[in-house]
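The values are calculated or read from the model by the stated rules, or taken from the named source; none is laboratory data. This structure is a prediction, so every number in the text was calculated from the model and none was measured. Glycine gets a Cβ as well: all are built from the backbone with ideal geometry, and neighbour counts include every protein chain shown. Surface areas here come from the heavy atoms of the whole protein model, side chains and all, with no ligands, DNA or RNA. Shrake-Rupley method; radii C 1.70, N 1.55, O 1.52, S 1.80 Å.
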Amino acid sequence: MSTTYDVINPATEKIVTTIEHYDLAATDATIAKAAKAFESWRNVAPADRAAHLRRFAAVVASHKEELAALEIANSGHTRGNALWEVDNVVNVLTYYSAAPERLFGKQIPVAGGVDITFKEPLGVVGVIVPWNFPMPIAGWGFAPALAAGNTVVLKPAEYTPLTAIKLGEYALEAGLPDGVFNVLPGKGSIVGNRFVTHPAVRKVVFTGSTEVGKAIMAGCADQVKRVTLELGGKSSNIIFADADIAKAAASAPGSVFDNAGQDCCARTRILVERSAFDTFMEHFEVAVKKFRVEDPSLASADMGPLISRKQFDAVQTFLDEPIAFTGSAPSGPGYWMAPTVLMPKNTQARSWREEVFGPVVSVMAFDDEAQGIAMANDSEYGLSGSIWTRDVGRALRVSRAIETGNLSVNSNSSVRYSTPFGGFKQSGLGRELGPDALDSFTEVKNVFISND
Ligand code: NAP
Ligand code: MG
């Protein structure tokens, strides 16, 4: 562990703490430890594995304030979000604690004997986490992986390692055997890449940019390594004239500016049916101006700073289209940016086509249902989206026509831990959360037992 890394508070630009990074040798040693721990963890009785996960959840819950404070300081998340994020880890662990005793196989009718299937754990699972939602995205990987009998090596993003390091400590405090859940802060090019190349790591769960995701998929091909990818998005918020326009407009800022827009589900395209366009924009301007960008530790904050100077600079490059209006943001130290509403000249604008990952949204009008659907689907991404209409038939037709993995009607919610989450097209591969996520952390084994 040769190098150190200064963790920066994005709201103040001050150093929060300095941590040690894992190098290649430390990564290999930890993977070996996880492989060894797998031999016994896979054989822990289902009810006991369930109890371990419930105890882990309880220890996390008992440190809710501490974890939330760390995420506020490390990531600039608002207090409201950070508390929700701790709860999400607790809920996901609790949800999957029911899984070990329900990991059912099948008994399939065959001639000459009995045929049964087993869901076998894979071995060591590598989880690579981005900086935008450090706690939830880690939990969506490690909770079902552990429940299915795998051991886990988890690499947090360089910017945001602090809550992951704590979760590793809490797993031990909860009594998980040493080596079952391992947190390895370090560089993507060293620790993350080793998950791809090390033969003892049998699966990689990656969330982050589409660019790195493609490289990971290509790398995993070498060992036919299992891979789940949660990548970028360019999601649409489609508002029909028959909708409750005031309600759609009031909730639109949260759907794109939450977490300072650093959300793969951010609705960065707003499509409004032309006859309702002006009314929508009037209400939307009021809502954006009310969106509070301030010290994220305040309970009243709706949005904090961006994660880094680099991200701030990247987001500024999208501001080359006409600006309709902006909200406000603090000045002084910190990576602050006001929520910004663009009216791009056409659908070729970068702000219309590319993932922004900052508090910038583009609004355009459409003329009818078919055009709205075509504009929303005109993207290489397909992660999320919203549809606002009072017409049930239209809600169903448009939901079926939009090429994305997660849609909300008359709501902007994206993620529930009990329902599947994942992307169409270049937004990803596979699904996380919900009842079927265990399938991504197990292999089906078929056994025939002869009557003879
Ligand atoms: P990224 O480079 O894809 O990083 C995501 C994770 O992968 C981090 O833990 C990173 O480690 C690791 N990583 C990087 N290169 C790797 C490699 N060669 N092998 C294995 N792991 C590797 O994303 P980013 O640079 O943080 O953000 C860039 C853009 O990606 C954002 O602006 C945004 O558009 C998008 N993004 C999307 C999501 C999402 O949820 N879909 C999340 C984050 C970012 P390091 O931290 O050490 O680089
Ligand atoms: Mg990167």
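Per-residue answers, yes or no, for (1) open to solvent by 10 Å² or more (accessible area, probe 1.4 Å); (2) in a helix (DSSP H, G or I); (3) in contact with a helix residue (DSSP H, G or I) (Cβ under 8 Å, 6 or more places away or on another chain):
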position: Ala35; (1), (2), (3): yes, yes, no
position: Phe38; (1), (2), (3): yes, yes, no
position: Phe56; (1), (2), (3): no, yes, yes
position: Ala61; (1), (2), (3): yes, yes, yes
position: Glu66; (1), (2), (3): yes, yes, yes
position: Asn74; (1), (2), (3): no, yes, yes
position: Ala82; (1), (2), (3): no, yes, yes
position: Asp87; (1), (2), (3): yes, yes, yes
Taking region 209-260 and keeping residues in contact with a Phe, Trp or Tyr (Cβ under 8 Å, 6 or more places away or on another chain), within 10 Å of ligand 1 (Cβ to nearest atom), of a type in the set (Gly, Ala, Ser) and assigned to a helix (DSSP H, G or I) leaves Gly213
For region 169-183, check the following and say yes or no: at least one residue is open to solvent by 10 Å² or more (accessible area, probe 1.4 Å), without any contact (Cβ under 8 Å) to a residue 60 or more places away in the chain, within 15 Å of ligand 1 (Cβ to nearest atom) and not acidic (Asp, Glu). yes
Taking Tyr96 and the conditions (1) open to solvent by 10 Å² or more (accessible area, probe 1.4 Å); (2) among the aromatic types (Phe, Trp, Tyr); (3) in contact (Cβ under 8 Å) with a residue 40 or more places away in the chain, which numbered condition does it fall short on, given that it satisfies the others? (1)
Test result for Ile216, open to solvent by 20 Å² or more (accessible area, probe 1.4 Å), within 14 Å of ligand 2 (Cβ to nearest atom) and assigned by TED's automatic domain parsing to the domain that holds Glu158: no
In region 78-89, is there at least one residue being touching a residue at least 40 places away in the same chain (Cβ under 8 Å) and either of a type in the set (Lys, Arg) or closer than 29 Å to Lys445 by Cβ (or both)? yes
I'd like to know if region 244-258 contains one or more residues that are within 22 Å of Pro156 (Cα to Cα) and either open to solvent by 10 Å² or more (accessible area, probe 1.4 Å) or more than 15 Å from ligand 2 (Cβ to nearest atom) (or both). yes
Could you grab me the full set of residues in region 264-289 that are in contact with a helix residue (DSSP H, G or I) (Cβ under 9 Å, 6 or more places away or on another chain) and surrounded by 22 or more Cβ atoms within 10 Å (Cβ to Cβ)? Cys265, Ala266, Arg267, Thr268, Arg269, Ile270, Leu271, Val272, Glu273, Phe280, Phe284, Val288
Can you spot a residue in region 102-116 that is touching a Gly at 6+ places or on another chain (Cβ under 8 Å), surrounded by fewer than 17 Cβ atoms within 10 Å (Cβ to Cβ) and closer than 30 Å to Pro199 by Cα? yes
Just wondering, is there one or more residues in region 429-444 that are closer than 30 Å to Ala301 by Cβ and open to solvent by less than 60 Å² (accessible area, probe 1.4 Å)? yes
Only helices (runs of 4 or more DSSP H) wholly contained in region 115-203 count here; list those with 2 or more residues that are over 26 Å from Glu39 (Cβ atoms) and away from ligand 2 (no atom under 16 Å from the Cβ). 134-147, 162-173
Would you please list the contacts, defined by Cβ atoms under 7 Å and residues six or more apart or on different chains, that run from a residue in region 204-215 that is farther than 16 Å from Lys234 by Cβ to a residue that is part of a loop (DSSP other than H, G, I, E, B) and more than 7 Å from ligand 1 (Cβ to nearest atom)? Val204/Lys225
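Out of region 181-200, which residues are more than 20 Å from His21 (Cα to Cα) and not small (Gly, Ala, Ser)?
Pro199
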The listed residue being basic (Lys, Arg) and surrounded by fewer than 21 Cβ atoms within 10 Å (Cβ to Cβ), out of Lys234, Lys203, Lys187, Lys225: Lys187
